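Asker: Below is the structure I would like to discuss, written out as structure tokens.
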Amino acid sequence: MQHSILKLFKGDRVLWMVLMLLSVLSLLIVYSSTGALAYRVASGNTLKYLFRQVGFLSAGIAVILVMVNVLPIKLYSKLAWWALLASIAFLLFSVLMRGTQFVSTSGRTLNFWGVTFQPAEMAKIALILFSAKILGKRQKTKGDLWEAFKKIIFYTGIVCGLIFISDFSTSALLFATIMTMMFCGRIPLKYLFSVVGAGIALVVVIYITAEMLPSGFGRVQTMKGRIERFIHGDPNSEKGITQADYAKLAIYTGGIFGKGPGHSDVSNYMAAAYNDFIFAIIVEEYGLLGGIAVIMLFLIFFFRGVVIVRRATRTFPAFLVIGLTLVLVFQAMINIGVSSGALPVTGQPLPWISLGGTSLLFTSLAFGLILSVSHQNQQDKEVTEQPIMIKAPDEDYEIENESAND
């Protein structure tokens, strides 16, 4: 019985171990960091958010198991276009209906009859799927690369532009991921540099003109304020300790070995200790050694992603793993940078560790896709033991009626 259950955990075993270790850490740190939240919102029921996290982690692992054991890789290629269209529709809806009963004031969260989710999380997976599909099919000639570049940049501009209105950090994170994917996909550097340069110029112009833009134009004033507070210091620090100050205090008081599990004091004064600043609470309780261990887990995840890409026998799965691995590692780097004061304050959770919700479930989709590719690699290896170096274009992954998607 036990052996048959273990057979369900297909794919890279090291990656599964990383996932389980992150799950255990998530439960420990979420239970510790939500104490104040429980007393504010849940009448002191400190187990509420622990059970909630157990539920989301269990659902996430169940999703991964279904993806690895039931769904074929080719299915994701066929769904890529429709997932992208759906994500654009949700993003557009969140922009047009912001502040209504269906969309939060910030525009980040949709609420349909009590079910909430963030369309930006869906858009990240969908755009990476679509970009991997296009890059996988167009690798033969320079003309193919140019066509792939044009198509990917067009939809990246739409998706990142819509996300930018309510969430600059997620927009920049996704943009950087797609640029890196195209670099790995042999898109000429002159194309990439021109787009990156245009993107930087646009952000600079928006930053300079932020005060002249109407208050309803996204969150550009918030973005500018955070950058200025990061560069010049937060004037609110003179009136009291800010969230960023509390995060630094947590890291400082944690020392080398930390205060021990459940002994965080700083989390009682932080509004986002269980989410945006959760790495600081990890260091406070488990010390510098605990923080290094978390970083090592994400580094192991990154290098296992590289191994999976090198073993892939098709270009679509290879580019898919590249994009998903990068977006999760970049997100982890941002959360760690914000918690340690190395980056301006943003709203990026630590993947698979922060208090769950939409982000955790869509992160499970990313892990499921990566492990599915890993499992496919193992099956291909069983068919032939001959080493396969570089991948052929993905005719097998093309949608039958490709002209409809063009």
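Asker: Anything in region 91-126 that is part of a helix (DSSP H, G or I) and buried (at least 20 other Cβ atoms within 10 Å of the Cβ)? List them, or say none.
Answerer: Selection gives L91, S94, P119, A120, E121, M122, A123, K124, I125, A126.
Asker: Now, a different point. Just to verify a result, which residue in region 69-90, among those that are without any contact (Cβ under 8 Å) to a residue 24 or more places away in the chain and either open to solvent by less than 60 Å² (accessible area, probe 1.4 Å) or assigned to a helix (DSSP H, G or I) (or both), is farthest from I158 (Cα to Cα)?
Answerer: Among residues in region 69-90 that are without any contact (Cβ under 8 Å) to a residue 24 or more places away in the chain and either open to solvent by less than 60 Å² (accessible area, probe 1.4 Å) or assigned to a helix (DSSP H, G or I) (or both), the one farthest from I158 (Cα to Cα) is L75.
Asker: Any idea which of (1) among the β-branched types (V, I, T); (2) open to solvent by less than 50 Å² (accessible area, probe 1.4 Å); (3) over 28 Å from G291 (Cβ atoms); (4) in contact (Cβ under 8 Å) with a residue 60 or more places away in the chain is the one V66 doesn't satisfy?
Answerer: Failing condition for V66: (2).
Asker: When you go through F149, F130, F183 one by one, which is the residue that is surrounded by 23 or more Cβ atoms within 10 Å (Cβ to Cβ) and either assigned to a helix (DSSP H, G or I) or free of Cβ contacts under 8 Å to residues at least 24 places away in the same chain (or both)?
Answerer: The unique qualifying residue is F130.
Let's see how each residue does on (1) open to solvent by 20 Å² or more (accessible area, probe 1.4 Å); (2) modelled with pLDDT of 85 or more; (3) under 25 Å from the mean Cα position of the chain (by Cα):
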| site | (1), (2), (3) |
| --- | --- |
| T177 | no, yes, yes |
| V203 | yes, no, yes |
| L213 | yes, no, no |
| V220 | no, no, yes |
| K239 | yes, no, no |
| A250 | no, yes, yes |
| F257 | yes, yes, no |
| Y274 | yes, yes, yes |
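Asker: Please go through region 68-108 and pick out each residue that is of a type in the set (K, R) and closer than 30 Å to W16 by Cα.
Answerer: Correct list: K74, K78.
The values are calculated or read from the model by the stated rules, or taken from the named source; none is laboratory data. Predicted, not measured: the structure shown is a model, and the values here were computed from it. Note that each Cβ is placed from the backbone with ideal geometry, even for glycine, and that neighbours are counted across all protein chains shown. For the accessible areas, the whole protein counts, side chains as well, though only heavy atoms, and no ligand, DNA or RNA atoms are used. Shrake-Rupley method; radii C 1.70, N 1.55, O 1.52, S 1.80 Å.
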